Amino acid sequence: VPQPSTAAAVAQPAAKPAVKSEPAVEPAPVPALPSNGSAAAVKAEASAKPAAKAADSGSDDDVPLAQRRVSGVGVQTPGKPKPAVNGSKPVAKPAQKPAANGSVKRKADASAAKPAAKKPAAKPAASKKRQRTPESEDEESSDDDDDSESASSDDELIAKERGRVRAPPPKVRKLKAKAKAAEKAKAKKEPANGKGETKWKQLQHHGVVFPPEYEPHGVPLIYDGEEVKLSPEQEEVASMYAVMLDTDYAKKPVFNKNFWEGFQSVLGRSHRVKTLDKCDFRRMQRHFQEKKEKEKERSNEEKKKIAEERKEREKKYTVALVDGVEQGVGNFRVEPPGLFRGRGEHPKMGKLKRRIYPKDITINIGKGVPVPQPGAPYEGHKWKEVRHDGTVTWLAYWHDPVNKSSFKYVWLAANSTWKAEADREKYEKARRLKDHVADIRAHYTAMWDSKDLRTQQIGVAMYFIDFLALRAGHEKDAEEEADTVGCCNLKRENVKALPEEGDVLENTIEFDFLGKDSVQYLKQVVVHPRVYQLIQKWVPRNDDGKVSKPGNDLFDRIDASDLNRELGEQMAGLSAKVFRTFNASITLDRLLHEEGAAARAADPRRTVDAKKADYEVANKEVAVLCNHQKAVAKTHGATMEKQQGKLNEQMQLLKHLRQDLKRALAGEPKLFRKDPAKPDQKPPANPKPEEPDAVRARIKKKNEQIDKLKTLIMVREELSTVALGTSKINYLDPRISVAWCKQYEVPMEKIFNKSLLTKFFWAMDAPPDFRF
């Protein structure tokens, strides 16, 4: 069977400057090509369907497919393949039904038979809806089970008895998934109990901290040129908008529309304020700006005193006792009311987040221990409910005031035993994928040649998950969440098979869609020839180059549950998120230990800052792979200009030091140079020659400062559009970084900040020779 080709992001054509070219990562060694590596030879080999061969033990199967590269478009041997998939499972032919008189009807001759009336399609039975559990809230959203549907016809009953349930009609699964997503978003559910496993026997904590009540400031709203006095409740909502006037949100129509709806509900129908266009919030804005400036003017001692008083007040909320062991509590503060911002282009941005009271909160605590009482400003109030559920790990929860189908939870801190064990198991599961990845790649490659469209689509989706590290792409309700996509809900217009012309290489596909947090995913990548052929077939274009039937799903026979189910059959517990973690971690491991990087890190002349820069460049490649982007900071230009100015100053000082060294060697005193910052500075009366060694020491120190500054400028420019933190927190096995730091004598604090050092305490005992 044809194997997946190695692929690397290619440079963008000159005609399309908006498309960001993906830098190729140095490849791991790959087996030699069976041809001369030319595009024509490779194309001929790819079209020939060679027999599958087992890869030897020295293959690079553990290298992510997205990071391999060879000359041209090579064919990669992924390992021992499984038997080729030739379509979906055959549906058993139902037994002939006995007629009313007990005899069996025999099949009539085709030429004489009358066309039988089509039996109406059986109505699909409602599937059992999996309840969202607290454990699943902080993981990638799971999929609903589709296997619990009862058969609604004799044919299905017979097929089910034989273990082969007939697949639903085309597109039915996709429609059902969308309906479920919409229903789930609108339903106001309660968190279900755990999965039956007891997590704790005794739990004790102090509940949550509430924000203070609103204090009116009395600054009026200006409406149509006149002052309007507002009630405290109305003033609070107006103030929420006033503090955001200078942000980009206040310029967005969706944000303003949603805010106005919330403001109207507080104003009431009879209020004189009728439209947002005539409202002037600038007087309120000035009030808060002045208040902020006064807070800045506080002395350091005053600020420190306020912080210590707050810390003492909240001290008891920061810990919980779990089976007698003290554990830290994470987010114990209830969020104050405000305007919802959301991530990306969220359809609910600007919605009013109401105040949360004790009556909204459910507390989970052990039996026989004191139930925590609500603190200030709600002493004497009662909780909504008190539970004693040892099968879950949350301490409290309440409904999200904006997204009614979601919950806000209080969990233990990131360094708690529960969280640490979950993290360790997550990365160990990703490591186990190394032993299966060769067979999985051979399996999905064979699926491309199936005669069944659904099987082909699952195979290509698995390839994209491996090749591009895409998210699975669960169905969403566009009214509740931002309209972003992943692999399985890509639209036809999101994918384009590019012709080979100009700088565009053979078998290049362009992806253009909004990923998580509405971050644009815009890349051109070279894919396997068979995948290119299938994309061409599935995304037909008109004579003018436009997509036929835009808006239709690229994978219209499958959804994310089908994809994860297929992955789970290849390895227990495997999902798209595990594949993403595997590709991210193994890429960092390889980049840090490949020959050139290892030699640089081992060079005793390289400073710690230079080694840290090498690490961040490797981390950047992982962030690019996972599409962890960020907008360039508004202050980036000014910051870079300031840093360049510092560098120029240091270079000038180095020039002066070299002149001083020449004069010291000649026995002459150094030249007097007046400091611009000291206008009254006078030259020394009797200057003496300097010791040459002392000048050399200053030159050495100055060179180190310049090198550090150059490195800082280079790294800041490189990382201006890349977010390193997301991959470091969620996708990179921390033991890789710990082992690298130990091997090359880099302090852990240079790689992990204080919170990550606490979160990944379990990884700190990794040996220097640890490899993912």
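Residues that are loosely packed, with under 14 Cβ neighbours inside 10 Å and among the polar types (S, T, N, Q) within segment 239-288 comprise T247, S265, S270, T275, listed in sequence order. Picking from residues in segment 634-692 that are within 41 Å of the chain's Cα centre (by Cα) and among the basic types (K, R), the one that is surrounded by the fewest Cβ atoms within 10 Å (Cβ to Cβ) is K634. Pairing each residue of segment 606-632 that is assigned to a strand (DSSP E or B) with any residue that is open to solvent by less than 20 Å² (accessible area, probe 1.4 Å), provided the two are 6+ apart or on different chains, yields C-beta distances under 8 Å for Q629/A623; Q629/V722. Residues that are open to solvent by less than 10 Å² (accessible area, probe 1.4 Å) and part of a loop (DSSP other than H, G, I, E, B) within segment 375-400 comprise Y378, V392, W394, L395, listed in sequence order. Among residues of segment 334-368 being acidic (D, E) and either crowded, with 16+ Cβ neighbours inside 10 Å or under 30 Å from K201 (Cα atoms) (or both), the one that is nearest to the chain's Cα centre (by Cα) is E335.
For the condition open to solvent by 30 Å² or more (accessible area, probe 1.4 Å), free of Cβ contacts under 8 Å to residues at least 60 places away in the same chain and among the aliphatic types (A, V, I, L, M), what is the one hit in V319, V325, V371? Criteria check complete, one pass: V371. The residues on offer are G473, G502, and the sole one that is on the phi > 0 side of the Ramachandran plot and surrounded by fewer than 17 Cβ atoms within 10 Å (Cβ to Cβ) is G502. Taking first residues from segment 433-455 that are farther than 21 Å from Y532 by Cβ and partners that are among the acidic types (D, E) and buried (at least 19 other Cβ atoms within 10 Å of the Cβ), the Cβ contacts under 6 Å between residues at least 6 apart in sequence or on separate chains come to V437/D61; A438/D61.
Screening segment 525-560 for residues that are open to solvent by 10 Å² or more (accessible area, probe 1.4 Å) and among the small types (G, A, S) and picking the one that is farthest from the chain's Cα centre (by Cα) gives G545. Go through segment 491-524 residue by residue and tally those that are under 17 Å from the mean Cα position of the chain (by Cα) and not in a strand (DSSP E or B). Of the residues in that region, 5 qualify. Summed over segment 569-581, residues that are in a helix (DSSP H, G or I) and either over 30 Å from E425 (Cα atoms) or open to solvent by less than 30 Å² (accessible area, probe 1.4 Å) (or both) total 6.
The values are calculated or read from the model by the stated rules, or taken from the named source; none is laboratory data. From a predicted model like this one, the values you see are computed outputs, not experimental measurements. All Cβ positions, glycine included, derive from the backbone under ideal geometry; neighbour counts span all protein chains shown. In case anyone asks, the SASA skips ligands and DNA or RNA and just uses the protein heavy atoms, side chains included. Shrake-Rupley method; radii C 1.70, N 1.55, O 1.52, S 1.80 Å.
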